[in-house]
Every structure is written in structure tokens, then in C-alpha cells.
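The values are calculated or read from the model by the stated rules, or taken from the named source; none is laboratory data. If you're wondering where the values come from, they're calculated on a predicted model, not measured in any experiment. All Cβ positions, glycine included, derive from the backbone under ideal geometry; neighbour counts span all protein chains shown. Heads up: the accessible areas ignore ligands, DNA and RNA and are worked out on the full protein's heavy atoms, side chains in. Shrake-Rupley method; radii C 1.70, N 1.55, O 1.52, S 1.80 Å.
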Amino acid sequence: MKIIVNQKNFKKALSAVEKVVAKNTTLPILSNILLKTENGRLKLSATNLEIGINYMIGAKIEEVGQVAVPARIISDFIGNVNDERITLSVKNNILSINSEHYKTQILGFDAKDFPIIPKIKNKPLAVIPVKALKNSLMSVIDSVALSEARPELAGVFVSFNDDRIVFASTDSFRLAEKQVDFKNSSRQAFIIPRNTVLEFSRIAGELEGEVVVNLGDNQISFSNDDFEMVSRLVDGAYPDYKKVIPEKVVSKVLVNKSELEKNIRLAGLFSSNISDVKIRCGENIMNIAAKNSDKGEIETAIASTLKNEPFEIAINYHYVLDGLKIMDTSEVVLEYTGQGGPLVIRPGNNRKDIVYLIMPLRK
């Protein structure tokens with residue numbers, strides 16, 4: 001193999017694929033990135049056997065070929081090279097890298113030992129604007145369970161219905177749901193692992209236009225002309241979370257989002273080891289309080305508009321902040337659903353596309 005590539009493009013591609021490279025693996029080949037000429041371009045591939053990524057960049061190809069090279073070494077090296085043009089050549093699995101000011105050799109591995117990243121050949125499920133998909137997934141990512149004790153909760157539930165896509169997650173302490181209007185050709189539901197969502201969202205920040213979503217045998221792929229990610233799906237049935245979303249509301253309060261966020265954050269400084277703050281809503285005012293025997297106490301007040309009865313609830317302040325950051329309105333509505341029931345946070349302009357629930361703390 002002998003090719004010439006642009007340093008910035010090569011660095012960007014390495015950054016995109018190296019994050020999924022397996023670490024501390026019993027299979028040393030998985031700590032490598034596969035470099036391969038294909039259809040007049042250079043393809044970079046990496047996999048940890050759960051997620052696989054292919055990334056294509058333009059290259060001047062003088063001689064076709066392929067090699068697997070240690071991800072960290074090549075990524076760190078190229079990240080510190082400032083020369084615009086880089087020549088890559090391979091002989092006996094040794095990668096030579098030459099530029100105006102640098103000349104190096106990296107010991108590689110036979111590309112034949114690198115695992116094949118599967119390609120899903122089914123008819124595409126959907127073609128979605130990449131930013132809309134990323135934003136929807138990130139709206140619910142914080143509520144995904146971090147523990148694998150219940151594997152079905154360790155991912156984002158995605159449901160394609162006739163006229164919308166629904167994204168949901170819960171860790172049993174809070175729940176988030178985001179809906180996007182979208183005409184679908186088929187009904188499908190699946191669970192995307194948390195790490196896949198995070199990796200896709202990281203790379204999606206660099207992508208423009210649309211992404212093709214494809215489903216295979218317990219696998220999902222996201223792709224465009226330059227990029228493809230393939231991941232396993234989570235096995236199992238997602239719980240019927242809709243039953244948890246209350247139909248009846250005891251009280252509602254409308255409040256400025258940024259004021260609420262600031263005061264919850266301040267109260268959080270004085271919360272106890274269970275991160276509790278107390279929200280008390282009266283007719284025109286909301287009080288937020290916290291007390292800690294080692295730190296002190298705080299009580300703040302902000303203007304609010306209450307509908308129905310006053311209420312008081314103790315809640316995890318981290319969960320409140322996570323819910324507020326996904327609301328893209330200047331005001332938010334808090335819905336009190338009764339003693340022991342969840343606190344519901346919604347956008348403040350009667351939008352129904354996003355809902356966030358937090359179970360109260362019992363002290």
C-alpha cells in the first residue's frame with residue numbers, strides 16, 4: 001500500500017474510530033485500527049466486537065493494500081504532526097509515515113486477523129436528519145440505567161410508529177420520553193445500548209445532512225457516504241413505561257427555567273448524602289430548601305404560578321437538573337401527582353413532545 005492523505009482529514013477520521021477500540025482485551029488485534037484502500041479512498045475501521053465503525057476519507061492511492069496498526073500510537077503521532085500532506089506506505093506489515101518534517105515506522109499486524117465488521121443489507125428503516133437523531137437520543141440518555149443488572153434498562157428504547165419516533169429511557173428512579181414527528185414505512189421497536197448512543201452522538205457532532213438507519217439480526221447501523229457504525233442491540237423486552245406516566249395531576253406550577261435551575265443548583269450545595277432538596281410551592285412563590293448537618297442549610301424563593309393546591313416534595317437535585325437541561329423553553333411546568341407519585345417536568349408552552357419524571361425521595 002502507498003497513499004497520500006491530508007493530515008486534518010486523517011486526524012479527524014482517527015479520532016472518530018479510535019474511541020471504540022477495545023482496551024485491556026484478550027484479543028490484541030482489537031486494539032488496532034485497520035487501514036485499507038477501498039474504491040479510491042482510505043477506509044479506517046475499529047471494533048470492540050460490540051460496536052464497529054468504518055470511516056472513509058479521500059486519498060491519492062498509488063498502490064492498494066491494508067494493514068492493522070496500534071490505535072493509540074498512530075492517533076497520538078498523527079495528532080502531533082502539522083504537515084499538510086502525509087504519505088503512508090506498507091511493507092511486511094510495517095507502516096511507514098513520511099511528511100515534510102517527520103519520518104517514522106510503526107509495527108503493524110496482518111489485516112487478515114482483523115475481525116470483519118458486519119454489513120446490514122436490509123432495506124433502510126429510515127433516513128433521518130443527523131442532528132435531529134442526535135438531539136433526540138441525547139434528550140433521554142441521562143435516564144438510562146448505568147447498571148447491567150437489568151440489561152433492557154441499560155439502553156435507549158426506540159419505537160417507530162406510523163407518524164412518529166419515540167425515544168425513551170428509565171433507570172427506575174426517573175424516566176424520559178422524547179417524541180419526533182416522522183412518517184415511517186414500518187413499525188419497529190428496539191433497544192440501543194448506552195455506549196452506542198454515546199459513540200454515535202459524539203461522531204454525529206461532526207456530521208452534516210442525513211443518516212441512514214438500518215436494522216438487521218439483532219443489530220443496528222447508522223451510515224452516510226463517509227461513515228458507518230454497526231452495533232448490537234440489547235436483548236429483551238422493554239418494560240411498559242407508559243403505565244408510569246400519570247394521567248391525573250393534582251397541581252401544576254409554571255416557573256422560569258433558568259431561575260429554577262440556578263436555585264436547585266444552589267440548594268444542591270447543602271444537600272445530604274442522598275442529594276435531596278425540598279421543593280415547596282405556594283400560590284405565587286416556590287421555595288427550595290436543603291439542609292446538611294456538616295455543611296449548613298439554605299432556602300431560596302422564586303416567583304411561580306400555581307394551579308390548584310400547594311404542595312411539597314423532596315427530590316434528588318441531580319435528577320431535576322438533568323430534566324431541566326433537556327427542556328428547550330424559557331419556562332417549564334412541574335406537575336405534582338400526589339403523595340408518593342412522581343414529579344413530572346414538561347416544556348412550558350403546552351408542548352407534548354417531551355416528558356420527564358422523577359420519583360420522590362422518602363425520608
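Out of all the residues in the range 186-231, which are of a type in the set (S, T, N, Q) and surrounded by 19 or more Cβ atoms within 10 Å (Cβ to Cβ)? Break it down into steps so the answer makes sense when it comes.
As a first pass, look at the range 186-231 and keep what is of a type in the set (S, T, N, Q): 186, 188, 195-196, 201, 214, 218-219, 221, 223-224, 231.
Answer for the range 186-231, where residues must be of a type in the set (S, T, N, Q) and surrounded by 19 or more Cβ atoms within 10 Å (Cβ to Cβ): 196, 214, 221, 231.
Here are some residues: 291, 295, 307. Which one is under 20 Å from residue 341 (Cβ atoms), touching a residue at least 12 places away in the same chain (Cβ under 8 Å) and open to solvent by 40 Å² or more (accessible area, probe 1.4 Å)? Before the answer, list the steps.
Numbers: 291 fails: under 20 Å from residue 341 (Cβ atoms); 295 fails: under 20 Å from residue 341 (Cβ atoms).
Residue meeting the stated conditions: 307.
Using the structure shown, decide if residue 132 is free of Cβ contacts under 8 Å to residues at least 24 places away in the same chain and open to solvent by 10 Å² or more (accessible area, probe 1.4 Å).
Details: free of Cβ contacts under 8 Å to residues at least 24 places away in the same chain: no; open to solvent by 10 Å² or more (accessible area, probe 1.4 Å): yes.
Criteria not met by residue 132.
For the range 274-288, which residues satisfy the criterion of being under 15 Å from residue 315 (Cβ atoms) and without any contact (Cβ under 8 Å) to a residue 24 or more places away in the chain?
Applying the first criterion (under 15 Å from residue 315 (Cβ atoms)) to the range 274-288 yields 274-281, 286-288.
Passing the criteria: only 287.
Which one of 24, 39, 6 is open to solvent by 20 Å² or more (accessible area, probe 1.4 Å) and in contact with a Lys or Arg (Cβ under 8 Å, 6 or more places away or on another chain)?
Numbers: 24 fails: in contact with a Lys or Arg (Cβ under 8 Å, 6 or more places away or on another chain); 39 fails: in contact with a Lys or Arg (Cβ under 8 Å, 6 or more places away or on another chain).
Going through 24, 39, 6 in turn, just one is open to solvent by 20 Å² or more (accessible area, probe 1.4 Å) and in contact with a Lys or Arg (Cβ under 8 Å, 6 or more places away or on another chain): 6.
Restricting the first residue to the range 107-121 and requiring it to be closer than 25 Å to residue 213 by Cα and assigned to a loop (DSSP other than H, G, I, E, B), which pairs with a second residue that is among the polar types (S, T, N, Q) and open to solvent by 50 Å² or more (accessible area, probe 1.4 Å) meet a Cβ separation below 7 Å and a spacing of at least six or different chains?
As it stands, the answer is 118/219; 120/219, since those pairs meet every condition given.
For residue 253, indicate whether it is farther than 28 Å from residue 116 by Cα, in a strand (DSSP E or B) and in contact with a helix residue (DSSP H, G or I) (Cβ under 6 Å, 6 or more places away or on another chain).
no
Could you grab me the full set of residues in the range 67-86 that are in contact with an Asp or Glu (Cβ under 9 Å, 6 or more places away or on another chain) and closer than 21 Å to residue 111 by Cβ?
67, 68, 71, 72, 74, 75
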